[in-house]
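Each remark here refers to the structure printed beneath this line.
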Amino acid sequence: MVWTLALVAIVLVQLVALCMIPLGLPGTWLQVLVAGIVAWRMDVPLWSLAIVIALAVAGEIAETWSGQWGARRFGGSRRAAWGALIGGFAGLFIGTPIPVLGSVVMSFVGTFAGALAGEMLDRGRLAPELRVGIGAMVGRAIGIGMKLGAAFVIAVLSFGSFFGWFGPGGAS
């Protein structure tokens, strides 16, 4: 009975964490917390927890720097890249009061607007280069996708730790 409840709890927390990521919430760190609890309670080797932490950090880095990469890839300047990064963060916080999708939509809008503003500052004219803003948004979407991919791997590793795939622990 306890084993079944633990499995249901892990599945539910992993699903909630996966749903949090596109909303700009720290879902991967919730997954790390669950993996840490599983490792602690089931005597799982620490290297599996280290892999989970490394994946979470890699996902965060990919999400953070992807807007900059997109702006640069689509012909933007350094200022456009930094504008995309700063605009994405600003949009994330501005959209937070709007329930459910506010932070997601505003992070994309902020990334777009920040890249445009940075490019206009760099070029010294008011005519916007829309391609750079679109590139920043594409990069941001790719970054969120990469973070979701890392989160799926973390979920699989958590289930593997629970079932004892990585060592002597696990629920048997």
Selected residue (criterion: surrounded by the fewest Cβ atoms within 10 Å (Cβ to Cβ)) from residues of the stretch 24-41 that are at pLDDT 90 or above and of a type in the set (A, V, I, L, M, F, W, C) = Leu33
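Could you list, in sequence order, the residues of the stretch 116-138 that are assigned to a helix (DSSP H, G or I) and either at pLDDT 90 or above or not small (Gly, Ala, Ser) (or both)?
Quick first cut of the stretch 116-138, residues assigned to a helix (DSSP H, G or I) only: 116-123, 130-138.
Matches in the stretch 116-138: Leu116, Glu119, Met120, Leu121, Asp122, Arg123, Leu130, Arg131, Val132, Ile134, Met137, Val138.
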Looking only at the stretch 50-102, which residues are in contact (Cβ under 8 Å) with a residue 40 or more places away in the chain, of a type in the set (A, V, I, L, M) and outside any helix (DSSP H, G or I)?
-> Val100, Leu101
The residue that is nearest to the chain's Cα centre (by Cα), considering only those in the stretch 7-23 that are closer than 22 Å to Val105 by Cβ and modelled with pLDDT of 85 or more, is Ile21
From the list Gly149, Gly160, Gly145, which residue is surrounded by fewer than 21 Cβ atoms within 10 Å (Cβ to Cβ), at pLDDT 90 or above and within 17 Å of Val13 (Cα to Cα)?
-> Gly149
In the stretch 91-117, what residues are over 11 Å from Leu23 (Cβ atoms) and either buried (at least 18 other Cβ atoms within 10 Å of the Cβ) or among the basic types (Lys, Arg) (or both)?
-> Gly91, Met106, Phe108, Val109, Gly110, Thr111, Phe112, Ala113, Gly114, Ala115, Leu116, Ala117
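The values are calculated or read from the model by the stated rules, or taken from the named source; none is laboratory data. Note that the coordinates shown come from a computational prediction; the quantities given were computed from them, not determined experimentally. Glycine also receives a Cβ, built like all others from the backbone with ideal geometry; neighbour counts cover every protein chain displayed.
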